Amino acid sequence: DGICGAGKIVHAIIDARVPLIGHNCLIDFLYLYQYLLADLPESYESWKRTFAQPFPVVFDTRLLATRNKDKLSLHGVNSYSLESLGTYFAQSVSASHFGRQQPDLRLSDAAKKRYQCGAHYHEAGYDALMTGQVFLRMAYFAALQSAKDRPAVQSWRQILFAVRPLGNQLALSMMSTPFVNLVGPDPVYKRPNTIIVRPVKWFGGQLNAGQLKRDLDAFGRGRCDVKVLSSRCALVATNTDVTYSRVFTFLSADEKYRISTCLDDATKGLSSVCFNR
């Protein structure tokens, strides 16, 4: 038992048939499968099928957060990192934001000794604790909404039933496809149009690629990608419709740039800008 380590815990979860819960956990689950269960299959679809067999119910708290983004942003939560969500739900005011009640979460004596005073994010045990707490609070809120006029949520079964539409979906951060569906086809999503950026003649007629990239950095790392075709033309790809709208509005208002989305002969066939994740 002394050398079984994490593998023993994983097999205990499988034997108990309890939900597996993570935060932004696609890569974590790939590693879990590779190093604690078996070699990864050759294809993506094969991995989805084989992973769902030992873990029939999976939840990703980042995906739960994105589905509650309007309510979270209303209260100043615009980042869905585990630390941001954990810090928010640790505040007593979050209970009034997310329903009439909150579940009573108590630490074991061992957890109290280590974690009751101060945060320890990026430590495996603490991250697991906070992921569980964030899941319970958002799932409890979903159960309260479905309970409507009933005074309280009574059982774990009710909580799981309330979030069942989000089960077996793993969030994909900053990607055009919002999540991986472990038990079916992934959602079909059309990437936003490519934005074509050209310099305005009276600003010298030359495109400052470095300045353009710095301008787009303000929208967040990884949300935009730039492909410079020449000193007079660059292509900008964005990760989501929301980012596209913000970037297009920003660039359109900048007098240095002339913006379009319709490809002409000079750029046709060159609009594929890859996002390396």
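Before moving on, here are some points about what is shown:
- Answer from 62, 67, 17 - the residue that is assigned by TED's automatic domain parsing to the domain that holds residue 135, touching a residue at least 12 places away in the same chain (Cβ under 8 Å) and in contact with a strand residue (DSSP E or B) (Cβ under 6 Å, 6 or more places away or on another chain): 62
- Residues being assigned to a loop (DSSP other than H, G, I, E, B), modelled with pLDDT under 85 and among the hydroxyl-bearing types (Ser, Thr, Tyr) are entirely absent from the range 191-206.
- Residue within the range 126-144 that is within 27 Å of the chain's Cα centre (by Cα), at pLDDT below 80 and closer than 22 Å to residue 66 by Cα present: yes
Each row is one residue, and each column tells you yes or no for (1) at pLDDT 80 or above; (2) within 14 Å of residue 213 (Cβ to Cβ); (3) out of contact with any Pro (no Cβ under 8 Å at 6 or more places or on another chain); (4) not in a strand (DSSP E or B).
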site: 227; (1), (2), (3), (4): yes, yes, yes, no
site: 234; (1), (2), (3), (4): yes, yes, yes, no
site: 243; (1), (2), (3), (4): yes, no, no, yes
site: 248; (1), (2), (3), (4): yes, no, yes, yes
site: 252; (1), (2), (3), (4): yes, no, yes, yes
site: 264; (1), (2), (3), (4): no, no, yes, yes
site: 270; (1), (2), (3), (4): no, no, yes, yes
site: 273; (1), (2), (3), (4): no, yes, yes, yes
site: 276; (1), (2), (3), (4): no, no, yes, yes
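The values are calculated or read from the model by the stated rules, or taken from the named source; none is laboratory data. In this text, all values refer to a predicted model and were calculated from it rather than measured experimentally. When we count neighbours, we look across all protein chains shown, and the Cβ atoms used for this are built from the backbone with ideal geometry, even at glycine.
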